[in-house]
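> My questions will all concern the structure given below.
The values are calculated or read from the model by the stated rules, or taken from the named source; none is laboratory data. Here the structure is a predicted model, which means the values were calculated and not measured. A quick note on method: Cβ atoms are made from the backbone with ideal geometry, for glycine too, and the neighbour counts reach across all protein chains shown. To get the accessible areas, we keep the full protein, side chains included, count just its heavy atoms, and leave off ligands, DNA and RNA. Shrake-Rupley method; radii C 1.70, N 1.55, O 1.52, S 1.80 Å.
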Amino acid sequence: MSMNGKGRSEFNRARRNFLGAAVAAGAKAAAIGVMATSMFPGSALAHRGRKGKPGWGPRCFLRGTAIATPKGEVLVENLRVGDRVTTVTGKSMAVRWIGRQTFKRTGAAWTRNVMPVRIARGALADGVPARDLYLSPYHHLHVDGVLIQAKDLANGRSIAPAMPKGHDTADYFHILLDSHEIVLAEGAPAETFRIEAANYEIFANFAEVTKVMPDAATLTMASFAPVMHQRGRDHLKALLRTVVMPFAKAEDPIGDAHERLAERAKTLA
């Protein structure tokens, strides 16, 4: 997958502006996230996502997603262990493991946990993503300095549950690096796999993880950025309103991002 010189220049400029804004918001968001997590360690902000609990579904890239690498974009299903990917911080990191999950539709419609969320071209910012991006509902995007699940940004227009035409199966892939990072998927900032509470066990090839990371069963990777979940919003807003800033508007990273992207959706063709 490639772009011409003019298109690549415009895309790179839009991507820099978008990522620059995210970095600028990062410090403020980090303070909010750390405070909320410490006050509510058992809340959805500390969500584990083990199978059988809320949010156990896949957290992956759908087959056909282009991932940025030092050699150009590579479809996620074509990546191999040892290949290098490029992070938003400019690092080139080797892929340690690639998780795989395949789901088949058994009824008239896909189940909510399996149906991917389509982030339309330009839904996040000009040229971001560069093409339609399909993520599992629980996959996090790096938006406004925090990590937000794709499903929590859905607005029914530019971001909404959808399956590419002709797909009777959903093939999901996730990439594990030495640390939790943000890579560019179709030009949009999306997370790599973050090991916590043996959550890799949801993948078909989970047994391979301990071969590359023997301590995986007890490992909890540090998050690249504060993690926000829809169910944690009320706790967070209440905390900020009553303890931190009782006379000011409470911060709501998910709500603010959702509102902004929903407004943006109205301007997209």
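> Within the stretch 217-227, identify whether any single residue is over 26 Å from residue 69 (Cα atoms) and among the hydroxyl-bearing types (Ser, Thr, Tyr), and answer yes or no.
Looking through the stretch 217-227, at least one residue is over 26 Å from residue 69 (Cα atoms) and among the hydroxyl-bearing types (Ser, Thr, Tyr).
> Please indicate, with yes or no, whether at least one residue in the stretch 96-103 is buried (at least 22 other Cβ atoms within 10 Å of the Cβ) and touching an Asp or Glu at 6+ places or on another chain (Cβ under 7 Å).
The answer is yes; a qualifying residue exists.
> For the stretch 131-143, enumerate the residues that are surrounded by 23 or more Cβ atoms within 10 Å (Cβ to Cβ) and either more than 8 Å from the chain's Cα centre (by Cα) or of a type in the set (S, T, N, Q) (or both).
Of everything in the stretch 131-143, those that are surrounded by 23 or more Cβ atoms within 10 Å (Cβ to Cβ) and either more than 8 Å from the chain's Cα centre (by Cα) or of a type in the set (S, T, N, Q) (or both) turn out to be 133, 134, 136, 143.
> Of the residues in the stretch 162-221, how many are assigned to a loop (DSSP other than H, G, I, E, B), open to solvent by less than 10 Å² (accessible area, probe 1.4 Å) and of a type in the set (Val, Ile, Thr)?
Residues that pass the stated criteria total 2.
> Would you check which residues across the stretch 201-229 are within 28 Å of residue 257 (Cβ to Cβ) and in contact (Cβ under 8 Å) with a residue 40 or more places away in the chain and list them?
202, 221, 222, 223, 224, 225, 226, 227, 228, 229
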